[in-house]
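Only the coordinates and a few stated rules stand behind these numbers; no lab work does. This is a predicted model, so every value here is computed, not measured. Positions of Cβ are generated from backbone atoms using ideal geometry, with glycine treated the same way; all protein chains shown enter the neighbour counts.
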Amino acid sequence: MALTTIDPTPALVVIDLQQGIVSAHRDPAVDVAVERAARLAAAFRRHRLPVVLVTVIGRAPGRTDGGRSGGGGVPPDGWADLVGELDAQPGDHLITKRRRSAFHDTGLDTLLRDLGATQVVLAGISTSSGVESTARSAADHGYHVVLATDAMTDPDPEAHRHSITRIFPKLGETATAAEVVAELEATR
């Protein structure tokens, strides 16, 4: 479903745009997604709306499998640092997760409710993993979900396409970053 409205208090939630992940997947699609997520963050800040920047470290406590990347070693210094293009500001809210969804065991739901947010606009990497898991959780928590589909990417283009065309329309509304910004400007 296409974007119909921006709630009075939306929050931007940017998933895993951090040095270790972005640098591992650098290609033109990642660069575009980062630039558009940064544009969204700037617009939300300009309108004094919440910006939540999510990073992932490690994996869920108690997991014994090696995971996709194999091994459970300590990531290199700077791996979880946000990409500079996001221009993180002191008023931004930082969430660190250990699972795919930014809602699971992080306090994100409490933060959003405390901020009065009823809608989340999602961007980030990977579309079919962290973004999709967070979108599912947001919908389950009752938020009006908006997915800025050109401000996200996935290392697997087919998985990205599947999430955008088959999954996201069931979870919320889809829009481009420019459409979200235009709607913000029109309603503020």
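Summary of computed values
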| item | result |
| --- | --- |
| Protection-proxy order for peptides 94-101, 38-45, each taking the mean of Cβ atoms within 10 Å per residue, highest first | 38-45, 94-101 |
| For the stretch 126-180, the Rg and Dmax computed from alpha carbons only, in angstrom | 10.3, 29 |
| Within the chain, helix-based [θ] at 222 nm, where runs of 4 or more DSSP H residues each add -39,500 (n - 2.57), nearest 500 | -9000 deg cm²/dmol |
| Convex hull of the stretch 65-188 built on C-alpha atoms - directionally averaged projected area, nm² | 9.2 nm² |
| Value of relative contact order over the chain, rounded to a whole percent, pairs C-alpha under 8 Å and six or more apart | 31 percent |
| Hz values of 3J(HN,Hα) by residue in the stretch 4-16 - Karplus curve (6.51, -1.76, 1.60), Gly and Pro given as x | 10, 7, 10, 5, x, 10, x, 10, 8, 10, 9, 9, 6 |
| Rounded to the nearest 20 debye, dipole of the stretch 39-188 from Cβ charges on Lys, Arg, Asp, Glu | 320 debye |
